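Working notes for the structure below.
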Amino acid sequence: QKGEYIINPQFDDAGFFRDGLARVVAPDGKIGYIDTEGNYIIMPKYKDGTHFYEGVAFVVEQGGKPTCIDKKGEPKFVLDNAEVAITYSCGLAAFINGNMVGWIDKSGDIVINPQQYDIKNHITFCEDLNPVQLEDGNEWGVIDKTGKFVINPQFKRMGNFKEGKAWFYNGEQYGYVNTKGEYVINPQFEFCADFSEGLAR
């Protein structure tokens, strides 16, 4: 906070600290993880890797499949049928195979079978809900942690739920819905963002 170096410049890239570890890219392009003093806890040997979250991260070795590791770098399970894995959120992690997206629990078991969602958009859960866009259309809806739609696809755009509200775009203006899909702030804005500490921009 004083602007002093606590870990000297030595990485090609570096991310935020999460769960006490930070994802860094070594000069040779390999990905590893350091502690808050700059020491490698997991040596850089991966071609790709997510941030740590809820005690685990996904890494990929050259020619390998997404592998879930713990904070010591020990493998927990391998996703043999996935091309990409996304960081855990609310106890679930998304995995992608082609244009199919599914979700697994912390044991690696599939809890939401792969379906066709637009993989460019929200595929992480927040407050146990996840706005998703159907791959065959422009409409957004919201699924729960079983994969069931709790808010049917009907919006042009949506944000994640924060403090019980999510912003949406109806094609003309922005407003907010609650977790039941009810309007809590009618569409009236040119743009809006997530709620934080009771306020939204």
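The values are calculated or read from the model by the stated rules, or taken from the named source; none is laboratory data. This structure is a prediction, so every number in the text was calculated from the model and none was measured. Here Cβ is always computed from backbone atoms with ideal geometry, including for glycine, and neighbour counts include all displayed protein chains. Protein only, heavy atoms only, side chains kept; ligands, DNA and RNA dropped before computing areas. Shrake-Rupley method; radii C 1.70, N 1.55, O 1.52, S 1.80 Å.
Could you please give the count of residues in segment 17-30 that are modelled with pLDDT of 95 or more and either over 23 Å from I69 (Cα atoms) or touching a strand residue (DSSP E or B) at 6+ places or on another chain (Cβ under 7 Å) (or both)?
7
Could we say that K76 is closer than 28 Å to D128 by Cβ and more than 19 Å from the chain's Cα centre (by Cα) here? Break it down stepwise before answering.
On the way: closer than 28 Å to D128 by Cβ: yes; more than 19 Å from the chain's Cα centre (by Cα): yes.
Yes.
Can Y117 be described as modelled with pLDDT under 95 and buried (at least 20 other Cβ atoms within 10 Å of the Cβ)? Give the derivation first.
Numbers: modelled with pLDDT under 95: yes; buried (at least 20 other Cβ atoms within 10 Å of the Cβ): yes.
When the stated conditions are applied, Y117 passes them.
Among the residues of segment 153-171, which ones are touching a strand residue (DSSP E or B) at 6+ places or on another chain (Cβ under 7 Å) and either open to solvent by 30 Å² or more (accessible area, probe 1.4 Å) or farther than 17 Å from L129 by Cβ (or both)? Walk me through it before giving the result.
Of segment 153-171, the ones touching a strand residue (DSSP E or B) at 6+ places or on another chain (Cβ under 7 Å) are 153-163, 165-170.
Passing the criteria: P153, Q154, K156, R157, K162, E163, K165, Y169, N170.
Has segment 29-36 got any residue that is open to solvent by less than 80 Å² (accessible area, probe 1.4 Å) and either of a type in the set (G, A, S) or within 30 Å of K148 (Cα to Cα) (or both)?
yes
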